[in-house]
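The values are calculated or read from the model by the stated rules, or taken from the named source; none is laboratory data. Keep in mind it's a predicted model, so treat the numbers as computed, not measured. Every residue, glycine as well, gets a Cβ built from its backbone with ideal geometry; the counts of neighbours run over all protein chains shown. These accessible areas exclude ligands, DNA and RNA; they are computed on the full protein's heavy atoms, side chains included. Shrake-Rupley method; radii C 1.70, N 1.55, O 1.52, S 1.80 Å.
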Amino acid sequence: MRRAILFLMPKVENPGAAEPANVVPAQDSYLQESKDSGMIPTKSAPKWLRNFGWQLISYTLLAIMWGAFVRASGSGDGCGPNWPSCKGGFSPSGHPVATWIEFIHRASTGILLPLILFQGFFVAKYFKPGSLARKVALGSIFFMITEALVGAVLVKTGLVAGNESLNRAYIMSTHLINTLIMLGFMAATAWLMAGGKEFQWKRQGAVGSALRYCLVGVLIMGVSGAIAALGDTLYPAANFQAGLQRELSGTAPALLALRLWHPVVALSLSAMALLMVRFIAKERNRADITRYSKIFSGFLIFELLFGLSNVLANAPIWMQLVHLLIADGVWLSLLLLTFSALDKEYAEPITESDEVMQDAPVPMYKAYISLTKPRVISLLLFTTMVAMFIAKGGWPGGWLFLAVLVGGYAAAGSANAINMVYDRDIDVKMARTAKRPTVTAQISSQNALIFAAVLMTVSFTLLTFVGNLLSALMALSGLLFYVFIYTMGLKRRTPQNIVIGGAAGAFPPLVGYAAVTNTLPALAWVLFAIIFFWTPVHFWALALLIKDDYKDAGIPMLPVIKGDRVTVNQIG
């Protein structure tokens, strides 16, 4: 555990090592002098103190794991309704195993407050008044106290062991959020004690918004995961199939029904978080930021895969604990990415696209509509409508028809808005795209990303509750394919970009068919294939007309790389 945490610690780079091109050198060493008040300690702190914060976090993670074991083993009432004492005293001798399990949890967490106070004392001693280190150390103390108080509420109100009320889910969710916030303040304290630079939220633009989305998204995933784990504890099933049938029966208890939503919430929020992290690494092209973004992405993908295994294996206790530990790794790596990406040097960044001004701005509502590329979406919606009529064999129904059109437009509009934010550095070089609102700065990258997130949420919610989950997942898949595979992965790297990436435009028939039938038979995939094979030919014909634009922007479209003759032959 301690080695894993130390791996994530801010590293002091070798000053003699060569940095990759266009990468800003990583963080300064711990004792390097700085003129910024509060950036360095008032005195040279001892080496043990620089590592103490991370060691304290390692211990805290073990305490969190034991707390999860208390819940999963049904030992939450092992000490009875007494708090902080156990069974009215401070010794569990002569009591059953459940009492010992709960007593160890209380004793191990009880040690945390004096340890955090100890840390706060030395932070006050070595860091200047008003420094960020002092503020976050004080935050660690405050949330440790509230952590204990929320735990007391759970015990004193009997929301432990076999309690099945929704109040337990609410208080447990509060407990988890408090725990993660406390870890956030502890990680910030450890970061600064170990030599990390001060960071700030103000004037961080789109990167700040992207990080806020990721942090809130991971918190929501954590809450849904805690509720799912509670359902596993209260309503164990003989096997995966039996558990799924009970959850889908329509008569399942509320906590068990909520459990079904965790994979959906985790998948959708994780996809958007991965997208945002990729955007952050592109915007803040620095060695440590790139490293932390890769670590976070790796933890998150591993968490999703292990979570799937956990569900299929019917959530044994040991897998629940490992799942929680990986989730803590997701949270901590995201925090470290946040601290490094919010470096004060990035406040109010000026980019090439920010300097371009529009002589006669269009009305703001029209600018937001243009973010969605409505003319392109009209073609996508047409294929969606056709698929709905084919699937139903006639009129699919008014409300469903309207919901699928609005949800499909919102999903495609979200993808297009993200595309405009990510590509604004090349859009400014092309006459066809130079007046996009993200290029002219009429809409900031920050607001464009918020708009995209809202559209994605509207799409997923509307398609799920008016249509069905399968249609919502198909729309989300098309969005992610367009952003990750085409925009971020292929567009700037290979002339085959539209051949593979064009599959994103073939998802709308799947959305329409799934919304009507809640299935994807062979006919639905035939419709997908028709659009997939038609897209490159259609696009290359347009690319021939604007190949100079693509050449100026350095985009390897087929006419730019292979020439007109090869392109015409491919079209034919």
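Structure data summary
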quantity: Verdict on residue 519 being over 26 Å from residue 279 (Cβ atoms) and of a type in the set (Ser, Thr, Tyr); calculated: yes
quantity: Check on residue 306, of a type in the set (Phe, Trp, Tyr) and either surrounded by 18 or more Cβ atoms within 10 Å (Cβ to Cβ) or modelled with pLDDT of 95 or more (or both); calculated: no
quantity: Residue match in the stretch 506-528 (condition: within 23 Å of residue 421 (Cβ to Cβ) and either open to solvent by 40 Å² or more (accessible area, probe 1.4 Å) or under 27 Å from the mean Cα position of the chain (by Cα) (or both)); calculated: yes
quantity: Options 449, 476, 480: the member that is farther than 15 Å from residue 420 by Cα and assigned to a helix (DSSP H, G or I); calculated: 476
quantity: Test: residue in the stretch 104-115 that is surrounded by fewer than 13 Cβ atoms within 10 Å (Cβ to Cβ) and at pLDDT below 65; calculated: no
quantity: For residue 135: the one exception among (1) charged (D, E, K, R); (2) open to solvent by 20 Å² or more (accessible area, probe 1.4 Å); (3) in contact with a Pro (Cβ under 9 Å, 6 or more places away or on another chain); calculated: (3)
quantity: Residue selected from the stretch 82-93 under the condition at pLDDT below 80 and in contact with a Lys or Arg (Cβ under 7 Å, 6 or more places away or on another chain), by the criterion nearest to residue 103 (Cα to Cα); calculated: 86
quantity: Single match in 103, 121 (criterion: of a type outside the set (Lys, Arg) and under 30 Å from residue 197 (Cα atoms)); calculated: 121
quantity: Residue ID - modelled with the lowest pLDDT, chosen from residues in the stretch 549-572 that are exposed (fewer than 13 other Cβ atoms within 10 Å of the Cβ) and in a helix (DSSP H, G or I); calculated: 569
quantity: Among (1) open to solvent by less than 10 Å² (accessible area, probe 1.4 Å); (2) farther than 21 Å from residue 58 by Cα - the single one residue 165 does not satisfy; calculated: (1)
quantity: Residue under evaluation residue 494, criteria (1) among the polar types (S, T, N, Q); (2) at pLDDT below 90; (3) under 12 Å from residue 408 (Cα atoms), criterion not met; calculated: (3)
quantity: Residue within the stretch 348-365 that is outside any loop (DSSP other than H, G, I, E, B), surrounded by 14 or more Cβ atoms within 10 Å (Cβ to Cβ), modelled with pLDDT of 85 or more and of a type in the set (Ser, Thr, Tyr) present; calculated: no
quantity: One residue from 237, 229, 266 being among the small types (Gly, Ala, Ser), open to solvent by less than 40 Å² (accessible area, probe 1.4 Å) and within 30 Å of residue 282 (Cα to Cα); calculated: 266
quantity: Only one of 486, 482 that is hydroxyl-bearing (Ser, Thr, Tyr), in contact (Cβ under 8 Å) with a residue 24 or more places away in the chain and open to solvent by 10 Å² or more (accessible area, probe 1.4 Å); calculated: 482
quantity: Among (1) over 19 Å from the mean Cα position of the chain (by Cα); (2) surrounded by 17 or more Cβ atoms within 10 Å (Cβ to Cβ); (3) of a type in the set (Gly, Ala, Ser) - the single one residue 434 does not satisfy; calculated: (2)
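Listed here are the residues, each with its yes/no results for (1) modelled with pLDDT under 95; (2) in contact with a Ser or Thr (Cβ under 9 Å, 6 or more places away or on another chain); (3) within 18 Å of residue 77 (Cα to Cα).
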{"residue": "98", "(1), (2), (3)": "yes, yes, yes"}
{"residue": "130", "(1), (2), (3)": "yes, yes, no"}
{"residue": "133", "(1), (2), (3)": "yes, yes, no"}
{"residue": "154", "(1), (2), (3)": "yes, no, yes"}
{"residue": "160", "(1), (2), (3)": "yes, yes, yes"}
{"residue": "172", "(1), (2), (3)": "yes, no, yes"}
{"residue": "185", "(1), (2), (3)": "no, yes, no"}
